[in-house]
Amino acid sequence: MVTTDIKKAIESSGGDYHPDSISLPQELSSKIQSCGTLIVLKGLHKDLSRTFSSLRKRLARRFSIIGSEYNFSVKINDESISVQDRDYFNSLEFIWEFGKENTKYSDVITPATKKFSLDNLITIGEEKYFIKGWIGSVKESGKLQDGEDNLNKISIIVRGKLAQEDILEEFREGGLYTKFLIGEIEADFLDDDALSDISTSSRQKLREDDERYMKLKDLVHRALKTIQKDRAELKEAKGKEEALKIDPIKRWYNQLKNDSKRRAEKLFGKIS
């Protein structure tokens, strides 16, 4: 496509622009079997040999429809990218999945990661919609800082594409627990041809005044409250278990009365 030719077409009465066909070298044309888009970058001055692992992670985190079940693949040097390349599932201490039947990430989380389910039903008028996805919690907030990438986000995916980078920033939650969260929500109901476009003009966010977004935000808020409660209880139980392995602490704890024991358990949870 040639910019000057496009401008001439716009200025002409017809306004139609027809790009000239170009012939591809054999080594490139063979990469497109029938249809598709091929982007070729030439004359790059940066050494890319050390960026492949980073590129794999970034691409894996960008697409939610990678895999045979979607018939969609992304390859680097003929090697397919998978969900495992996101490189954060092994850091999750707990994971909450939307819907009881959601087992999509069971194969990529570690056996030690504890799993829970969240409500995934959204009702608008008489219509019922079900979202998918997950929210995970890491043990150390530093696990969510990957070089220049901040992973402390809950992204919204619509029909396999990133619709909004982060909905977590919309909430001003008390407590530090949100600093340990990462997640991904698949909300295809937000894309409905019969309704107005929900994306902002920048295509980077969703319209906050749209009822569909407000309903989704309400559901996420309830999910965060559930996670806050669950996580506090889980940390207390885990902290208590670890603390009582130390004999002096165990003897001290056993001599406490009920109220003092509860305060001690909360302390164990904060330390763990």
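Here are the numbers for the structure shown:
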item	result
Coarse-grained scattering of the chain at q = 0.09, 0.11, 0.12, 0.17 Å⁻¹, given as base-10 log I(q)/I(0) from a Debye sum over alpha-carbon atoms	-0.60, -0.82, -0.93, -1.37
The chain, relative contact order [Cα under 8 Å, separation at least 6], %	11
Stretch gain in nm, segment S29-N77, where the contour uses 0.36 nm per residue and the Cα spacing is subtracted	15.6 nm
Proximal aspartates and glutamates to K7, defined as alpha-carbon separation beneath 12 angstrom and excluding residues fewer than eight positions away on the same chain	D16
Protection-proxy order for peptides 139-148, 182-191, 18-27, each taking the mean of Cβ atoms within 10 Å per residue, highest first	182-191, 139-148, 18-27
Angle in degrees between helix 52-62 and the longest Cα principal axis of the chain, rounded to the nearest 10	80
Cα-based reach from K153 at 18 Å (exclusive), listing lysines while leaving out same-chain residues under 8 positions away	K57, K132, K139, K143, K161, K179, K205, K217, K225
Highest to lowest packing among 115-128, 217-230, scored as the average C-beta count within 10 Å	217-230, 115-128
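Readers should treat all values here as calculations from the given coordinates under stated rules, not as data from a laboratory. Keep in mind it's a predicted model, so treat the numbers as computed, not measured. Here the Cβ is made from the backbone with ideal geometry for all residues, glycine too, and neighbour counts use every protein chain on show.
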